[in-house]
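Peer 1: Let me give you the structure first, and then I'll get to my questions.
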Protein chains: 2
Amino acid sequence: MQKTHKTKRYTKTSLMKPIKIVIAFIAFFSVMTSYGQKVLNMKDFNIEGIKDVTPIVVKALEKCKEEGISTLIFPKGTYHFYPTFAPEFFCEIVNNDNGLKRTAFPLIDFHDFVVDGNGSDFIFHGKMIPFIIEKSSNIKITNLSIDWEVPFTLEGLVVANDSEKNTFDIEVKTPYVVEFERLYLSLEREDSPYERKFGKRFAMWEHDNLEIAESILWDPKTMAPMYHTNQYDTHERGVKAEELKKGLIRLKAEMKKLPPIGSIFVSKGDYLQNRTSPAVRIVTSKNLTFKDVNVHHAGSMGLIAERSENITLDGFNVVLKKGSGRMITSTADATHFCNVKGNITIKNCTFENMLDDGTNIHGTYVRVNKIIDEYTLAVETYHPHQNGFLFGEEGDLVQILDQKNLQITSEPMILKKVKRINEKISYLTFDKPITGKVEIYDGIENISWQPTAVIENNVIRNNRARSMILKTRKKVVVRNNHLSSQMASFRITGDLGLWNESSPSNDLLIENNVIENCVYGGNGAQAIFLIDPQYVDKKNFEGKYSKNITIRNNIIKTFDSSILVAMSVDGLTFENNQIIQTDTFKPIFPDAENVQIINCNNVLIKGNTYRKIDGKQTTITIDQKSTNVKVVKGDAFSKKSSKK
Amino acid sequence: MQKTHKTKRYTKTSLMKPIKIVIAFIAFFSVMTSYGQKVLNMKDFNIEGIKDVTPIVVKALEKCKEEGISTLIFPKGTYHFYPTFAPEFFCEIVNNDNGLKRTAFPLIDFHDFVVDGNGSDFIFHGKMIPFIIEKSSNIKITNLSIDWEVPFTLEGLVVANDSEKNTFDIEVKTPYVVEFERLYLSLEREDSPYERKFGKRFAMWEHDNLEIAESILWDPKTMAPMYHTNQYDTHERGVKAEELKKGLIRLKAEMKKLPPIGSIFVSKGDYLQNRTSPAVRIVTSKNLTFKDVNVHHAGSMGLIAERSENITLDGFNVVLKKGSGRMITSTADATHFCNVKGNITIKNCTFENMLDDGTNIHGTYVRVNKIIDEYTLAVETYHPHQNGFLFGEEGDLVQILDQKNLQITSEPMILKKVKRINEKISYLTFDKPITGKVEIYDGIENISWQPTAVIENNVIRNNRARSMILKTRKKVVVRNNHLSSQMASFRITGDLGLWNESSPSNDLLIENNVIENCVYGGNGAQAIFLIDPQYVDKKNFEGKYSKNITIRNNIIKTFDSSILVAMSVDGLTFENNQIIQTDTFKPIFPDAENVQIINCNNVLIKGNTYRKIDGKQTTITIDQKSTNVKVVKGDAFSKKSSKK
């Protein structure tokens, strides 16, 4: 399945000599000193024209570490990285798929180090994580792009459909296999004499064929998910396939509505197998900067950081490569931060065409599985994407929360001991007795690992799901961004039910953003600002979850009705936002309330304007649990405010 | 899916107190001294009636190690082991599936230690490896049985079939799921509030549902694989399923012949996912004895040992539990040894009803992927079941062999350095230059890790595949066994094509065995003694592979024609064997030669008798490549011997 590229002339056999020569060259590489910094230039490794630069880059990195070289620079060019000779590590990556991961840049225990691509294009092949940054500090990655030769998605142009037979036909140019009436997308593998000998059944062995699932329709006119995407929902698994001819496949599934001709059917394969290869994996590291990096594709997230401190993304773009003809960049979130502390800066970035959120900043609750003794709990991670998750270490400050209403039930306690039993269960020992303070399934929150964040001057567009999910107790400022997502623009939430993502937003300012064409997926009446802690019992909860949220001076252009849902916030200001109804799409939920205030306290709604084209009155509901809700006269929502 | 057993009364919540009490008890456990040996009796842990004894046993083992206790003894009883609180290790297990493995007996770095079950039954739940023995020496496991509450196989009684529609119906009592026209067998999981909340789609998350594949028919009258099993072959994947009612499933597949009513359809699920849980995993250990151990079931092999030394199985039985109603014991080989040295003893054992061989003793060739320099090769493991295989370490003696004819092409060389790059690729550095001695895809054999073996007084019966596969350069004696397998009784082979299993048999004696009802699967005319090194080019090979093989004084009762195929042996004696044709089954390959001698040297055939009931002459072919083949007058094969 390996596509032709310009270094194709190097076959395995003819390579042997060049490689030996290259290795000989290593002895003579030059270290340039500028401002007292040692620099290693990859040009001394004669890497141009080499088919697979992975082992050479790995060797160069070893040299950098051994000799204290502070910068590794590439001559501007296009470099191909294969997994064949890549070092490998068993990685448990939160919100991704765990396993042995091969990498071209194992930045493990690196400090004060820069990788400068000098504008180069890095093309990856098959399952790899381009950059693993672990136990490292003061790292800068700059001036490079990351792409994959063969994508982790199947994209097929819909060329026919048949509403009687409930089928549609797609033209597929990416590698695939149809077998036993099922369609699999094929990832790139090394050339396999095996497969040539034994045929495709044996190709299945390598787990590089993923049955299509988690599918979605894309609109090539808007380059975004289809309007009202939800109505085309196929079964996530079990879609039947028939290969009509090479590259033309008929799919049959129970669908609410057939995909229109001209749309693009996109699938990333079956759940828990389609998040193997993020572009950047960060863990237990500190002071990292990504400057002018383009991620054109990734087989999961663009960047996933966990248990790390101070991360700056400046011009870290997850963007389509011009002329690629693809619809999808990262197959999961563009960026994702879990258990990060210090500060996260995301500025001057463009995130587009992801199959999931623009960013998600959160911690992860663990849940009480068993009470071991007066000071010790067995806790579990819950969602399989949290298997092996490092919740906390000795010295972290944590607290207990009630599973039913997400309210904190203990004072902060210090973790005295953490003992991992297996990928699901750890024993936590606290400095204070927990007797009587905790029940099975209650949550534990790590309050030491909570970041501040500044998110400004970014464009986030044309992605499935949200622009941002924000969950941290510390100050977050989101300003001057241009946002357009298929679901809510902002989701502020937390739960002990499924994802178990923490924590409340306790100091959040969202201002001066332009938001347009959001909530067009039809996945329920998702508000543009959706503040909805997820209670086990959705009707019977108490207490507040978040506090101090200010949403002001934003320009909101939206075709549909639902603007703001705020649940369980103490201190909410919704002020001077300019809302303009557009006719881009037909409203999907025209009867949804514009604003819903549920179980909130100290709410100020003031100075908002709303230019409506549907002729309807603005609507707001404020529930009985809410107190001190002030809708100031003159505000767009002041006339019709009602207490339900 | 958790079945009822007698400790069912302990629910999660009610358990909390007992567990605390048990932990308190640990302080008071008694250490008895007998003959100066410290003994820990599990009765002091009050384990009777505890739902899940795993964490208590793990704690007891920690105590044994800390305090130099030499024996852990159980009060006779039935104990249940769950994976919930089991410690976990990332294991790369040759010929099995790799991954994080939970275990109840983590015998890692244990020395001079006995686990004595005192006749107890150990019942395991879900994916676990009961015993992991690693970096340990002088270990004895004795007086216990291993079983699983829910098996790793789906077994269904065929109650109807329809040759027009190509369907058959099975009654299934083990847990299963039918979804999207596919049948999955369900392994046991912990009780899941998750699943109760989100339904079965989410149950799929845990990978404990395996789509049926690798299926076979069993005959409940013989308790063995069906006669001519091969004619019922279903597609290995893609079988369509319809649930007619709870426990009754209609299957549809392209089959050569429909399963007869009354037969048992057995499936272990999809390849590379159905070898997760052997009963005993041994690695890098020495001087191990298993005495009076019954393995009633295993989700892979009964015992898999690699890179270890001196292993004795005496009354290590892989046998059905009486009254269980099951057809299958281990879902792969009963026992399997790879890269073992010293001596292997297998005596007084019964291996029955496995889905693969009785035993397989072999090494594993790695293959040359790239020539790095004058002394260094990049080598690869080939079959996915060899991912991460530890081929050799510094100081091992190795040699190169030609991929095409399996002939040794180098003198023995010492491994000076082994560098693992990833689960597929390692760099081997030798003490001698390899320039000109090696080509891409050639094999490397480890000749330091070759065991002697004594296999006597065993019963191996009613299993799919072979009784034994034997591949070692050292002396092997197989005597006084009673053997009955669905394919060849003995396979002596080696290959650089698929499994890459080494080495030749260079000193093998097979005597005084009773062999009956073999080769009844119909998988080609498999000889009872099948000596067939697997050449890339099956017609164009040269040189000998094995040497010094003696097969004598065996009683062979067989319904079919093929007795001996010997290829590329230098020194073969087939002597005084008493062959009796039976009418147990109708011959499947009646025209197969009784004896075939291919490319052999120094062959003596003498004193064999053959009581035929088909009225045919005995047949023997000796090919042109063979030299010095002597069929002594009076032998059953002397009359019709012919040189082809």
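Peer 1: So which of B:Ile56, B:Ile26 is farther than 30 Å from B:Arg307 by Cβ, modelled with pLDDT of 95 or more, in contact with a helix residue (DSSP H, G or I) (Cβ under 7 Å, 6 or more places away or on another chain) and within 14 Å of chain A (Cβ to nearest Cβ)?
Peer 2: Numbers: B:Ile26 fails: modelled with pLDDT of 95 or more.
Step by step, each of B:Ile56, B:Ile26 is checked, and only B:Ile56 is farther than 30 Å from B:Arg307 by Cβ, modelled with pLDDT of 95 or more, in contact with a helix residue (DSSP H, G or I) (Cβ under 7 Å, 6 or more places away or on another chain) and within 14 Å of chain A (Cβ to nearest Cβ).
Peer 1: Going by the conditions given, is A:Val418 of a type in the set (Val, Ile, Thr), without any contact (Cβ under 8 Å) to a residue 60 or more places away in the chain and open to solvent by 10 Å² or more (accessible area, probe 1.4 Å)?
Peer 2: Values: of a type in the set (Val, Ile, Thr): yes; without any contact (Cβ under 8 Å) to a residue 60 or more places away in the chain: yes; open to solvent by 10 Å² or more (accessible area, probe 1.4 Å): yes.
The answer is yes for A:Val418.
Peer 1: Hey, another quick one. For the stretch A:368-384, name all the residues that are closer than 25 Å to A:Ser505 by Cβ and either surrounded by 20 or more Cβ atoms within 10 Å (Cβ to Cβ) or more than 12 Å from chain B (Cβ to nearest Cβ) (or both). Even if it seems obvious, please write down each step before you answer.
Peer 2: Step one: of the stretch A:368-384, the residues closer than 25 Å to A:Ser505 by Cβ are A:368, A:379, A:381-383.
A:Val368, A:Val379, A:Thr381, A:Tyr382, listed by residue number.
Peer 1: For B:Asn161, work out the one condition from (1) polar (S, T, N, Q); (2) at pLDDT below 95; (3) not assigned by TED's automatic domain parsing to the domain that holds B:Lys286 it doesn't fulfil.
Peer 2: (2)
Peer 1: On to the next question. Output the residues belonging to the stretch B:344-390 that are among the acidic types (Asp, Glu) and assigned to a strand (DSSP E or B).
Peer 2: The initial filter retains those residues of the stretch B:344-390 that are among the acidic types (Asp, Glu), namely B:352, B:356-357, B:373-374, B:380.
Those that are among the acidic types (Asp, Glu) and assigned to a strand (DSSP E or B): B:Glu352, B:Asp373, B:Glu380.
Peer 1: Might you let me know whether the stretch B:509-517 holds any residue that is under 30 Å from B:Val368 (Cβ atoms), in contact with a Phe, Trp or Tyr (Cβ under 9 Å, 6 or more places away or on another chain) and without any contact (Cβ under 8 Å) to a residue 60 or more places away in the chain? Give the derivation first.
Peer 2: Going residue by residue through the stretch B:509-517, those that are under 30 Å from B:Val368 (Cβ atoms) are none.
No, the stretch B:509-517 has no match at all.
Peer 1: Of all residues in the stretch B:404-415, how many are surrounded by 20 or more Cβ atoms within 10 Å (Cβ to Cβ) and either within 14 Å of chain A (Cβ to nearest Cβ) or within 30 Å of A:Phe89 (Cβ to Cβ) (or both)?
Peer 2: If we filter the stretch B:404-415 for residues that are surrounded by 20 or more Cβ atoms within 10 Å (Cβ to Cβ), which is where we start, we get B:406, B:413, B:415.
Restricting the remaining residues to those that are either within 14 Å of chain A (Cβ to nearest Cβ) or within 30 Å of A:Phe89 (Cβ to Cβ) (or both) gives B:415.
Residues meeting the conditions: 1.
Peer 1: Take the residues in the stretch A:227-261 that are modelled with pLDDT of 95 or more and touching a helix residue (DSSP H, G or I) at 6+ places or on another chain (Cβ under 9 Å); name whichever of them is farthest from the other protein chains (Cβ to nearest Cβ).
Peer 2: Residue satisfying both the conditions and the ranking: A:Pro260.
Peer 1: From the list B:Glu423, B:Glu445, pick out the single residue that is of a type in the set (Asp, Glu), away from every other protein chain (no Cβ under 14 Å) and under 29 Å from the mean Cα position of the chain (by Cα). I'd like the intermediate steps shown before the answer.
Peer 2: Working: B:Glu423 fails: away from every other protein chain (no Cβ under 14 Å).
Only one candidate passes the filter, namely B:Glu445.
Peer 1: Does A:Ser505 qualify as being more than 30 Å from A:Asp233 (Cα to Cα), open to solvent by 10 Å² or more (accessible area, probe 1.4 Å) and not in a strand (DSSP E or B)?
Peer 2: Numbers: more than 30 Å from A:Asp233 (Cα to Cα): yes; open to solvent by 10 Å² or more (accessible area, probe 1.4 Å): no; not in a strand (DSSP E or B): yes.
Spelling it out, it is not the case that A:Ser505 is more than 30 Å from A:Asp233 (Cα to Cα), open to solvent by 10 Å² or more (accessible area, probe 1.4 Å) and not in a strand (DSSP E or B).
Peer 1: For the stretch A:99-147, list the strands (runs of 3 or more DSSP E) that sit wholly inside it and hold at least 1 residues that are over 21 Å from the mean Cα position of the chain (by Cα) and away from chain B (no Cβ under 14 Å); which are they?
Peer 2: Numbers: elements: A:99-108, A:111-124, A:129-134.
Filter on the stretch A:99-147 gives A:99-108, A:111-124.
Peer 1: Tell me whether the stretch A:385-399 contains one or more residues that are within 14 Å of another protein chain (Cβ to nearest Cβ) and farther than 30 Å from A:Ile216 by Cβ. Give the derivation first.
Peer 2: Of the residues in the stretch A:385-399, the ones within 14 Å of another protein chain (Cβ to nearest Cβ) are A:385-389.
Retained after the next criterion (residues that are farther than 30 Å from A:Ile216 by Cβ): none.
No, there is no match, as no residue in the stretch A:385-399 is within 14 Å of another protein chain (Cβ to nearest Cβ) and farther than 30 Å from A:Ile216 by Cβ.
Peer 1: Here's something else I'd like to know. Inspect all residues belonging to the stretch B:59-67 and state whether any of them is outside any helix (DSSP H, G or I), open to solvent by 30 Å² or more (accessible area, probe 1.4 Å) and at pLDDT 95 or above. It would help to see each step written out before you state the result.
Peer 2: Taking the stretch B:59-67 first, the residues outside any helix (DSSP H, G or I) are none.
So far as the stretch B:59-67 goes, no, none of its residues is outside any helix (DSSP H, G or I), open to solvent by 30 Å² or more (accessible area, probe 1.4 Å) and at pLDDT 95 or above.
Peer 1: Then there's this: Quick one: which residue in A:Ile597, A:Ile620, A:Ile605 is under 31 Å from the mean Cα position of the chain (by Cα) and modelled with pLDDT of 95 or more? Spell out the reasoning first.
Peer 2: Numbers: A:Ile620 fails: under 31 Å from the mean Cα position of the chain (by Cα); A:Ile605 fails: under 31 Å from the mean Cα position of the chain (by Cα).
Exactly one of A:Ile597, A:Ile620, A:Ile605 is under 31 Å from the mean Cα position of the chain (by Cα) and modelled with pLDDT of 95 or more, namely A:Ile597.
Condition check ((1) open to solvent by 70 Å² or more (accessible area, probe 1.4 Å); (2) farther than 20 Å from B:Glu164 by Cβ; (3) over 17 Å from the mean Cα position of the chain (by Cα); (4) in the same structural domain as B:Gly342 (by TED's automatic domain parsing)) across all residues:
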| site | (1), (2), (3), (4) |
| --- | --- |
| B:Val239 | no, no, yes, no |
| B:Glu242 | yes, no, yes, no |
| B:Lys246 | yes, yes, yes, no |
| B:Arg250 | yes, no, yes, no |
| B:Met255 | no, no, yes, no |
| B:Leu258 | no, no, yes, no |
| B:Ser263 | no, no, yes, no |
| B:Val280 | no, yes, no, yes |
| B:Val283 | no, yes, no, yes |
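Peer 1: In addition: Quick one: is B:Phe351 within 14 Å of chain A (Cβ to nearest Cβ), crowded, with 17+ Cβ neighbours inside 10 Å and within 22 Å of the chain's Cα centre (by Cα)? Step through it out loud before you land on a result.
Peer 2: Details: within 14 Å of chain A (Cβ to nearest Cβ): no; crowded, with 17+ Cβ neighbours inside 10 Å: yes; within 22 Å of the chain's Cα centre (by Cα): yes.
It is false that B:Phe351 is within 14 Å of chain A (Cβ to nearest Cβ), crowded, with 17+ Cβ neighbours inside 10 Å and within 22 Å of the chain's Cα centre (by Cα).
Peer 1: So A:Phe90 ticks every box in (1) within 14 Å of another protein chain (Cβ to nearest Cβ); (2) at pLDDT 95 or above; (3) surrounded by 19 or more Cβ atoms within 10 Å (Cβ to Cβ) but one. Which box is left unticked?
Peer 2: With respect to (1) within 14 Å of another protein chain (Cβ to nearest Cβ); (2) at pLDDT 95 or above; (3) surrounded by 19 or more Cβ atoms within 10 Å (Cβ to Cβ), A:Phe90 is out only on (3).
Table: residues versus (1) part of a strand (DSSP E or B); (2) of a type in the set (Val, Ile, Thr); (3) farther than 19 Å from B:Ser467 by Cβ.
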position	(1), (2), (3)
B:Asn548	yes, no, yes
B:Phe574	yes, no, no
B:Ile588	no, yes, no
B:Ile605	yes, yes, yes
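Peer 1: For residues that are within 14 Å of A:Val565 (Cα to Cα) and of a type in the set (A, V, I, L, M, F, W, C), scanning just the stretch A:524-551, find the one that is modelled with the lowest pLDDT.
Peer 2: A:Ala525
Peer 1: Continuing with this model, one more query. Looking at the stretch B:230-259, I want the residues that are on the phi > 0 side of the Ramachandran plot and have a partner that is part of a loop (DSSP other than H, G, I, E, B) with Cβ atoms under 6 Å, at least 6 apart or on another chain. Which pairs are those?
Peer 2: B:Gly238/A:Phe180
Peer 1: Additional query: Would you mind telling me which numbered condition in (1) under 16 Å from the mean Cα position of the chain (by Cα); (2) open to solvent by less than 10 Å² (accessible area, probe 1.4 Å) B:Asp356 fails?
Peer 2: (2)
Peer 1: Okay, moving on. With the requirement that a residue be open to solvent by less than 60 Å² (accessible area, probe 1.4 Å), under 24 Å from B:Leu401 (Cβ atoms) and either outside the structural domain of B:Asp623 (by TED's automatic domain parsing) or free of Cβ contacts under 8 Å to residues at least 60 places away in the same chain (or both), what does the stretch B:531-567 give you?
Peer 2: Applying the first criterion (open to solvent by less than 60 Å² (accessible area, probe 1.4 Å)) to the stretch B:531-567 yields B:531-533, B:535, B:541, B:543-546, B:549-551, B:554-556, B:558-567.
Right, trim to under 24 Å from B:Leu401 (Cβ atoms) and you get B:531-533, B:535, B:541, B:543-546, B:549, B:565-567.
Result: B:Ile531, B:Asp532, B:Lys544, B:Ser546, B:Ile549, B:Val565, B:Ala566, B:Met567.
Peer 1: Ok, one more. Within the stretch B:148-176, which residues are small (Gly, Ala, Ser) and outside any loop (DSSP other than H, G, I, E, B)?
Peer 2: B:Gly156, B:Ala160
Peer 1: Restricting the search to the stretch A:155-192, which residues are within 14 Å of chain B (Cβ to nearest Cβ) and closer than 21 Å to A:Tyr271 by Cβ?
Peer 2: Going through the stretch A:155-192, the residues within 14 Å of chain B (Cβ to nearest Cβ) turn out to be A:177-184, A:189-192.
A:Val177, A:Val178, A:Glu179, A:Phe180, A:Glu181, A:Arg182, A:Leu183, A:Tyr184 - these are the residues of the stretch A:155-192 that are within 14 Å of chain B (Cβ to nearest Cβ) and closer than 21 Å to A:Tyr271 by Cβ.
The values are calculated or read from the model by the stated rules, or taken from the named source; none is laboratory data. Note that the structure is predicted; figures quoted are calculated from it, not measured. In this analysis, Cβ positions are derived from the backbone assuming ideal geometry, glycine residues included, and neighbour counts consider all displayed protein chains. Areas reflect the complete protein model, heavy atoms only, side chains present, ligands, DNA and RNA absent. Shrake-Rupley method; radii C 1.70, N 1.55, O 1.52, S 1.80 Å.
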